[in-house]
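Structure, as structure tokens:
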Amino acid sequence: MNKILIPLLLVCIIIGSAVASTGVSASQSSGIAWGFLIMGLFGGLSFFLYGMEMMSEGMKKTAGNQMRSILAALTSNRCFAFFAGAFVTMVIQSSSATTVMLVSFVQAELMTFTQSVGVIFGANVGTTVTAQLIAFKLTDYALGMIAFGFALKMFAKNDKYREVGNIILGFGILFFGMKLMSDSMSPLRTLPGFIDMIKGLENPFLGIIVGSLFTALIQSSSAFTGIVIVLAQQGFITLEAGIPLILGANIGTCITAALASIGTSREAKRVAIAHVLFQIIGVLLFICWIPSFANFITQVSGFFGSSQIARQIANAHTIFNVSVGIAILPFTGLLASIIMKILPAKFEKKPWDSEIKVFHLDDSMIETPSLAIDLVRTEIARMAQLLNRMLNAIIIPFISDPDLIRANPNIPKDEKDRLIREIPSNDMIFKHLTLQEGIDLRERKIDFLDEKIHEYLMKIARQELNEDEAEEVFKMTSVTNDMESVGDIIHRNMLPLLKKKKALKVEFSTEGKEDLMRFHRKVIKQLRRLQDTFEEKDKDIAKTIMVKEAEYTELETQFRKKHMNRVLQKKGKSLKTHETHLEFMDLLKQINVYTVNIAKILVN
């Protein structure tokens, strides 16, 4: 919503100021000061949208960790996904924003398209909470809320209390904007042309079109619902006219997700299609019986003692979205399969493609720091995977040298050919690359990701962060530095050491090879645990890395002693490879130290 809010505010100010200059002459002909009316209307709308944005920001910062936990725990359970979507949308005050978030998450492979469908259903329920709050006629208390929220924001020492102050301040500004709009429109009650135009909205198709277009313009169904409620509070529209506008708003809110899906993967595009399809199905289910639905809403609202049109419109908005969500939820799988047929799978490049790029970082998430930090974690997990593959590849030429096999006179030719064929000479993923070319490629990827993650973290740091989020940004910065250092050890230290070892033209001893391979496997396990820590967001795995530190340090000491015993016994191969052996063991130890250090950063 930020992308549309500032331009819209500027347009409101410009239009209002321009028309205000002609207000006197216009009022002479119609008795209505059109300039001041339009300035008040647009100014009120500006306050309304700004208040909603401020309230949303406060709620995101207050409930950020809960949002992250809920989305991280999403499974194939459609009911849980439904309630998760409702909660997240209630916090960020926009079903469009939730759907854009889903597009980003599916694009980043943090969830599947099928998982996202249930969240979309819930998102439409969550957005009705705003309408229910707006329907309470609290405009008379708006200035009190502004004063209290401002005081809390300015003088509270605790971050959470300051964010609560932001929420109350935003809520007060929202209602103050509603009051300005409402007061500005009061003179229109005496204007027959305006009354006739509003009555025309009782035509369901016209109402849906108007609701769709206006919601698409301001990219917030909650904001448009608030405007409809203001019209109802002034007595300009009936319930029968308000319902089509609300139905149209549900379709218009799809535009944001549709725009966000441009240029994304087919899985992400399916999320946007699901959002559009869900809204259209819901509107089609209700459009033919709007009068009956209006009677039902009147009876239900009357049962709870409310005869106000504004309250009834809010109730209609809620009942529509809840009933459609519950009705379609059992058919999630069917809807997903239909969308799969509309947009079938095709070959796409994967994140492990040889192209050097970020895959998970999304600038649209920056304004929700807790979720943006999650994207950073996922990209760091990818860095850990790259390091794992680099370390897996580097051990092969150290322990298996085809040139030494060919030069060994004690091995029969057929056996030599077999042994050489069994030595991997190409990268395990990119078969067209040699082992060293694969290591070089991943080193470039690590450096690129390190730079891009730091840039992304700096963007997050420029947001208003709470203490926990600021601490997370600092941790992630330290982690990526250590990850990049591990990559340097492999590329800048182990590769030159390999050339040094080749120059010796002698293999490690059999015992030496076994020791190096055993310790290498232990370090690989540590890197794998580190990757799992980030992928599963589980600090217990990081604690396991720390627990294993003492065990692996002791193991490295034992291997070093065994090697020195072989040297003292003047075993030929051990003597010649002594320096290279210890250097390689030491480099593996350094990687383990960095891995443990990263685990400590995550746990503390």
Query raised in the report: Name the residues in segment 508-532 that are crowded, with 19+ Cβ neighbours inside 10 Å and of a type in the set (S, T, N, Q), would you?
Result: 509, 526, 531
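Looking only at segment 268-289, which residues are of a type in the set (A, V, I, L, M, F, W, C) and closer than 17 Å to residue 327 by Cβ?
Narrowing segment 268-289 to residues of a type in the set (A, V, I, L, M, F, W, C): 268, 271-274, 276-278, 280-281, 283-289.
Hits for segment 268-289 are 274, 277, 278, 280, 281, 283, 284, 285, 286, 287, 288, 289.
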Query raised in the report: On the given criteria, is residue 83 in a helix (DSSP H, G or I), modelled with pLDDT under 75 and among the aromatic types (Phe, Trp, Tyr)?
Result: no
Query raised in the report: Of all residues in segment 363-372, how many are surrounded by fewer than 23 Cβ atoms within 10 Å (Cβ to Cβ) and either closer than 14 Å to residue 445 by Cβ or at pLDDT 80 or above (or both)?
Result: 2
Query raised in the report: Mind checking which residues of segment 531-562 are small (Gly, Ala, Ser) and within 20 Å of residue 475 (Cα to Cα)?
Result: 542
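Hey, can you tell me all the residues within segment 113-122 that are among the hydrophobic types (A, V, I, L, M, F, W, C) and without any contact (Cβ under 8 Å) to a residue 60 or more places away in the chain? Steps first, answer last, please.
Of all residues in segment 113-122, those among the hydrophobic types (A, V, I, L, M, F, W, C) come to 113, 117, 119-121.
Within segment 113-122, 119 is the sole residue that qualifies.
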Query raised in the report: Would you call residue 535 surrounded by fewer than 20 Cβ atoms within 10 Å (Cβ to Cβ) and more than 28 Å from residue 471 (Cα to Cα)?
Result: no
Query raised in the report: Before we move on, is residue 505 touching a residue at least 12 places away in the same chain (Cβ under 8 Å), loosely packed, with under 14 Cβ neighbours inside 10 Å and closer than 19 Å to residue 381 by Cα?
Result: no
Query raised in the report: Out of all the residues in segment 542-561, is one or more loosely packed, with under 14 Cβ neighbours inside 10 Å, on the phi < 0 side of the Ramachandran plot, among the hydrophobic types (A, V, I, L, M, F, W, C) and in the same structural domain as residue 496 (by TED's automatic domain parsing)?
Result: yes
Report task. Using the structure shown, decide if residue 539 is touching a residue at least 12 places away in the same chain (Cβ under 8 Å) and of a type outside the set (A, V, I, L, M, F, W, C). Result -> yes
Query raised in the report: Any idea how many residues of segment 507-537 are of a type in the set (Lys, Arg) and under 28 Å from the mean Cα position of the chain (by Cα)?
Result: 3
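Could you tell me whether residue 405 is β-branched (Val, Ile, Thr), modelled with pLDDT under 80 and surrounded by 13 or more Cβ atoms within 10 Å (Cβ to Cβ)?
On the way: β-branched (Val, Ile, Thr): yes; modelled with pLDDT under 80: yes; surrounded by 13 or more Cβ atoms within 10 Å (Cβ to Cβ): yes.
Yes.
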Query raised in the report: Does residue 134 qualify as being within 27 Å of residue 82 (Cβ to Cβ), in contact (Cβ under 8 Å) with a residue 40 or more places away in the chain and not polar (S, T, N, Q)?
Result: yes
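Whether any residue in segment 184-191 is among the charged types (D, E, K, R), within 18 Å of residue 291 (Cα to Cα) and either at pLDDT below 80 or touching a helix residue (DSSP H, G or I) at 6+ places or on another chain (Cβ under 8 Å) (or both) is what I want to check. Talk me through it step by step, then tell me what you get.
Here is the first cut: in segment 184-191, the ones among the charged types (D, E, K, R) are 189.
Checking which are within 18 Å of residue 291 (Cα to Cα) leaves us with none.
No.
Each row is one residue, and each column tells you yes or no for (1) loosely packed, with under 15 Cβ neighbours inside 10 Å; (2) part of a helix (DSSP H, G or I); (3) at pLDDT 80 or above; (4) not assigned by TED's automatic domain parsing to the domain that holds residue 43.
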| site | (1), (2), (3), (4) |
| --- | --- |
| 131 | no, yes, no, no |
| 137 | no, no, no, no |
| 146 | no, yes, yes, no |
| 168 | no, yes, yes, no |
| 173 | no, yes, yes, no |
| 196 | yes, yes, no, no |
| 200 | yes, yes, no, no |
| 209 | no, yes, yes, no |
| 214 | no, yes, yes, no |
Query raised in the report: Hey, among the residues in segment 249-302 that are of a type in the set (Ser, Thr, Tyr), assigned to a helix (DSSP H, G or I) and touching a helix residue (DSSP H, G or I) at 6+ places or on another chain (Cβ under 7 Å), which one's surrounded by the most Cβ atoms within 10 Å (Cβ to Cβ)?
Result: 256
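The values are calculated or read from the model by the stated rules, or taken from the named source; none is laboratory data. As the structure is a computational prediction, the values presented were derived from the model and not from experiment. Cβ atoms come from the backbone with ideal geometry, glycine included; neighbour counts cover every protein chain shown.
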